[in-house]
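A short worksheet on the structure shown next.
The values are calculated or read from the model by the stated rules, or taken from the named source; none is laboratory data. Since this is a predicted model, take the numbers as computed values, not measurements. Ideal geometry is used to build each Cβ from the backbone, glycine not excepted, and the neighbour counts take in all protein chains shown.
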Amino acid sequence: MIEPTGIDGLFVVWFDTHGDERGFFRQTYQRSELAGALGREPSFAQGNHSRSAAGVVRGFHAEPWDKLVYVARGTAFCAVADIRAESRTFGETATFHLGDPPGERARLFIAEGLGNAFAALSEVDYLYDVSDEWRPDVDKRAVALDDPDLAVDWPVTDPVVSPADAANPTLRERFPDHPRWRQ
């Protein structure tokens, strides 16, 4: 099942888990079902796997490609922010607990341009397929994790953040003339 959220281009991808004494089996997506929800064929060009220690917070990154995110091990608090200036849901956020209990065994489809971030609540294996290959010249179009306009309540007291992520601008700094700030 693919469930839309309140943010344009953000979907939760749910499939049943079938388990027994040997372990479990879970399908994590079906291209045809994803295409039906998106209204277009998804295309993935690269698969990525990162591991983060408990307390690490990464993002908000909004690269110019779609992402299909899955937490294979551990629990992550995931946040998605619409930082597309032209979007009707600009500035809105959605959060999810993904992974091992108490997380959800779901994937997130995150459309190109949406900001994606996560906090590792335990050691986390974070898998994501992307619709284009990474290039060193790509602008992540990143936004500050502690942006007061996004107001994400991160469940980590002393986050470990990269110097690059700590230096990201706020949404207001990135889009100072956006009509949202005049309301």
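Things to note:
- When residues in the range 167-176 are screened for being outside any loop (DSSP other than H, G, I, E, B) and over 18 Å from the mean Cα position of the chain (by Cα), 3 of them pass.
- Flag for residue 7 being under 22 Å from residue 175 (Cβ atoms) and either aliphatic (A, V, I, L, M) or touching a helix residue (DSSP H, G or I) at 6+ places or on another chain (Cβ under 7 Å) (or both): yes
- Matching residues, the range 38-60, being more than 21 Å from residue 74 (Cα to Cα) and either assigned to a strand (DSSP E or B) or not charged (D, E, K, R) (or both): 38, 39, 42, 43, 44, 45, 46
- Among the residues listed as 34, 68, the single one being surrounded by 14 or more Cβ atoms within 10 Å (Cβ to Cβ), farther than 24 Å from residue 166 by Cα and in contact with a Phe, Trp or Tyr (Cβ under 6 Å, 6 or more places away or on another chain): 68
- Taken together, the criteria place residue 150 among residues that are more than 30 Å from residue 30 (Cα to Cα), in contact (Cβ under 8 Å) with a residue 40 or more places away in the chain and either assigned to a strand (DSSP E or B) or under 15 Å from the mean Cα position of the chain (by Cα) (or both).
- All positions within the range 60-72 that are more than 14 Å from residue 8 (Cβ to Cβ), modelled with pLDDT of 95 or more and of a type in the set (D, E, K, R): 67
- Some residue of the range 44-55 being in contact (Cβ under 8 Å) with a residue 40 or more places away in the chain and either under 19 Å from residue 2 (Cα atoms) or surrounded by 23 or more Cβ atoms within 10 Å (Cβ to Cβ) (or both): yes
- From the options 156, 143, residue that is farther than 23 Å from residue 13 by Cβ and touching a helix residue (DSSP H, G or I) at 6+ places or on another chain (Cβ under 8 Å): 143
- Candidates 137, 165, 129 - the one that is without any contact (Cβ under 8 Å) to a residue 24 or more places away in the chain and either out of contact with any strand residue (DSSP E or B) (no Cβ under 8 Å at 6 or more places or on another chain) or surrounded by 15 or more Cβ atoms within 10 Å (Cβ to Cβ) (or both): 137
- Residue list for the range 61-112, restricted to those being part of a loop (DSSP other than H, G, I, E, B), among the acidic types (Asp, Glu) and under 14 Å from the mean Cα position of the chain (by Cα): 63, 66, 92, 112
- Residue match in the range 74-93 (condition: touching a Ser or Thr at 6+ places or on another chain (Cβ under 6 Å), at pLDDT below 95 and surrounded by fewer than 22 Cβ atoms within 10 Å (Cβ to Cβ)): no
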